[in-house]
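Encoded as structure tokens, the structure appears first; notes follow it.
The values are calculated or read from the model by the stated rules, or taken from the named source; none is laboratory data. Since we're looking at a predicted model, the values are computed, not measured. FYI the Cβ positions are ideal-geometry reconstructions off the backbone, even for glycines, and counts take in every protein chain you see. Side chains are part of the model used for accessible areas, which takes the heavy atoms of the whole protein and leaves out ligands, DNA and RNA. Shrake-Rupley method; radii C 1.70, N 1.55, O 1.52, S 1.80 Å.
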Amino acid sequence: VGVNSGLRDKLGKGRINLFRAVNDSTAPGVTVDALTTKDGNDNVFIAGDTLQFTATFLNLLRPTNNLVCSLSSVSTNVTIVQNTFTAGVVNSLDTVSNYAAPYRVLINPGTPLNTEVVFKITMTDGTWNDVYSFKVVVNVDYLNIEVNDVGTSITSKGLIGYNESGQAQGIGFTYQGGPTMLYEMGLMVGASGTQVSDYVRGAGATYDTDFSPVITVSGQQPGTVSSYDAYGKFADNGSTSANPLPVLITHRAFAWDSPNIDRKYIIVEYVIKNSGSSTLNGLYAGLFADWDIPNYANNKADEDLSRRMGYCWSTDAGGLFAGIKVLSNTPFNHYAIDNLAGGNGGLDLSDGYDDSEKYASMSTSRSSAGNGAPTGEDVIDVVASGGFNLSAGDSVTVAFALIAGENLASIQLSADAAQVRYDNNVLTGLTPINLAGSTSLKAVFPNPATHALTLEFEVERSAATDISIYTLQGELVKVLLNDNLTAGRYTFNTDVAGLAAGSYIVRFTAGDVQQVKPLQVIR
């Protein structure tokens with residue numbers, strides 16, 4: 001969240017002071033070797049938070065006698081609560097830290113959004129002094145969700161991953177704490193083929209800035225629905241369009257930290273209201289995602305129509321997969337873009353991404369991208385839902401799962417799990433859908449299991465039925481049942497003695513119904 005510019009400042013005044021210290025037989029040469037900033041909870045620095053700055057100081061030259069390091073700022077948007085660290089004697093090439101008593105700074109109420117605050121740490125030892133400066137962006141209008149294997153930033157203006165263009169302000173989209181897999185992602189809403197509202201790249205070299213916060217996004221951990229719930233509202237402010245789209249969008253995000261397949265996705269949901277006075281025809285809502293996994297030049301994109309999911313992957317050895325799945329009971333559309341000059345037969349974004357191209361990518365289909373080279377190319381995915389005719393005052397809900405994993409099978413399992421979570425938890429709050437009398441996997445027990453395992457399930461009508469066990473990485477390890485079953489309730493006994501201890505997923509498929517349940521095997 002904070003932008004540390006201290007190293008650049010040290011190249012200015014710091015170089016002069018260090019040069020003077022080298023030529024002074026009594027002066028030390030103290031620098032700030034490391035600096036961390038935390039707020040004690042989600043590390044999203046908003047008004048009312050108290051920041052803690054922990055610095056490590058390195059003495060490059062002569063020992064200090066009584067080193068004092070003081071924090072200051074001229075900004076009226078912060079109040080410094082703890083500003084002094086007395087290091088005392090620091091020998092040559094030794095380090096010392098204020099870890100036990102960090103600097104503490106309150107972000108004042110009323111601080112404008114995304115305010116940049118400049119801080120200075122003044123280091124003094126007798127007549128010698130030096131200054132280390134750094135910047136922190138405070139009262140941000142976004143938050144970071146990092147409660148499971150997928151991490152991303154949710155903003156107040158429809159962007160995901162980053163709050164500003166150029167990968168600024170945010171953590172991107174990460175898997176198991178690795179590097180970001182994303183360059184840019186954001187919601188687009190369009191109607192009638194001519195009006196599109198969004199906050200992503202636009203025509204030429206510009207960026208559209210149509211959305212602005214109505215209610216700044218906020219998070220709750222643990223949440224009412226999931227381990228982390230987020231909520232906010234935004235609308236088209238008309239800043240980059242002479243003909244703004246009259247939409248008010250309520251957005252929510254959900255993430256689960258349970259030790260199973262639910263760890264590999266985050267759900268985002270948008271309730272789009274027509275705030276105008278006339279019908280919005282041909283309305284689409286979609287997520288634009290410029291994936292970089294992690295080398296953008298070695299990516300490919302494709303789709304899984306049965307799961308209503310577009311996905312991208314790295315062709316590098318051990319490369320990861322990322323997917324976007326439509327969860328709401330609304331139409332699915334996927335458009336894969338080759339992000340290179342000419343577009344390889346599809347949309348050409350080398351000269352920008354205008355509203356007509358945005359609408360086309362949400363309303364027409366292109367199944368794959370990155371096929372121009374064996375190892376892939378730079379690709380973009382647009383996953384959308386729409387074709388709605390939305391009367392004045394009416395709303396439509398569109399929801400997506402943002403997924404990451406080691407391979408295609410892994411993200412497919414997560415897509416199935418996300419659908420179950422959305423249907424059973426998000427749509428109904430905390431009340432699961434009553435599955436009595438319907439096709440479903442009722443129970444898996446004992447769980448944890450050692451040898452014997454019992455499954456209870458119901459098939460509402462005759463259907464091809466498959467029950468299999470997968471690792472959390474999506475590898476099939478055991479087929480329990482694969483048969484055409486007539487309608488009825490079944491109890492199935494099996495044995496898992498051949499499975500190694502660990503966490504697994506039981507996937508149940510009967511006709512067009514898919515369901516997953518976690519399984520723990522112990523030895």
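Worth a mention:
- Leading residue by the ranking (least open to solvent (accessible area, probe 1.4 Å)) among those in the range 112-146 that are at pLDDT 90 or above and in a loop (DSSP other than H, G, I, E, B): Gly126
- Residue identified as within 25 Å of Glu116 (Cα to Cα), of a type in the set (Gly, Ala, Ser) and at pLDDT 85 or above among Ser72, Ser92: Ser72
- Residue list for the range 279-307, filter: within 22 Å of the chain's Cα centre (by Cα) and within 25 Å of Phe211 (Cβ to Cβ): Ala285, Gly286, Leu287, Phe288, Ala289, Asp290, Trp291, Asp292
- Test: residue in the range 176-192 that is touching a helix residue (DSSP H, G or I) at 6+ places or on another chain (Cβ under 8 Å) and of a type outside the set (Gly, Ala, Ser): yes
- Considering only residues in the range 80-102 that are within 36 Å of the chain's Cα centre (by Cα), open to solvent by less than 60 Å² (accessible area, probe 1.4 Å) and not small (Gly, Ala, Ser), the one that is nearest to Asn139 (Cα to Cα) turns out to be Ile80.
- Of the strands (runs of 3 or more DSSP E) entirely within the range 247-362, those holding at least 2 residues that are in contact with a helix residue (DSSP H, G or I) (Cβ under 9 Å, 6 or more places away or on another chain) and crowded, with 21+ Cβ neighbours inside 10 Å occupy 247-255, 265-274, 280-291, 309-314, 321-326, 333-338.
- Of all residues in the range 196-212, none satisfies the criterion of being in contact with a helix residue (DSSP H, G or I) (Cβ under 7 Å, 6 or more places away or on another chain) and surrounded by fewer than 22 Cβ atoms within 10 Å (Cβ to Cβ).
- Residue pairs whose Cβ atoms lie under 6 Å apart, separated by 6 or more positions or on different chains, with the first residue in the range 405-430 and within 20 Å of Asp149 (Cα to Cα) and in a helix (DSSP H, G or I) and the second of a type in the set (Asp, Glu) and modelled with pLDDT under 95, are Ala417/Asp262.
- The single condition among (1) among the small types (Gly, Ala, Ser); (2) within 23 Å of Ala168 (Cβ to Cβ); (3) at pLDDT 80 or above that Gly2 does not satisfy is (3).
- Restricting Asp24, Asp42 to residues that are over 28 Å from Val138 (Cα atoms), at pLDDT below 75, of a type outside the set (Gly, Ala, Ser) and assigned to a loop (DSSP other than H, G, I, E, B) narrows the list to Asp24.
- Qualifying residues in the range 38-74 (those that are within 30 Å of Ala230 (Cα to Cα), out of contact with any Ser or Thr (no Cβ under 6 Å at 6 or more places or on another chain) and small (Gly, Ala, Ser)) - the one surrounded by the most Cβ atoms within 10 Å (Cβ to Cβ): Gly48
- So Thr465, is it farther than 22 Å from Pro259 by Cβ, of a type in the set (Ser, Thr, Tyr) and modelled with pLDDT under 85: no
- Answer residue from the range 495-508, given it is open to solvent by 30 Å² or more (accessible area, probe 1.4 Å) and assigned to a strand (DSSP E or B) and is nearest to Ile261 (Cα to Cα) among those: Ser503
- Considering the range 418-448, and only residues there that are in contact with a Lys or Arg (Cβ under 8 Å, 6 or more places away or on another chain) and at pLDDT 85 or above, the residue that is most open to solvent (accessible area, probe 1.4 Å) turns out to be Gln419.
- Residue satisfying all of: in the range 171-186; within 9 Å of the chain's Cα centre (by Cα) and open to solvent by 10 Å² or more (accessible area, probe 1.4 Å); nearest to Phe400 (Cα to Cα) among these: Thr174
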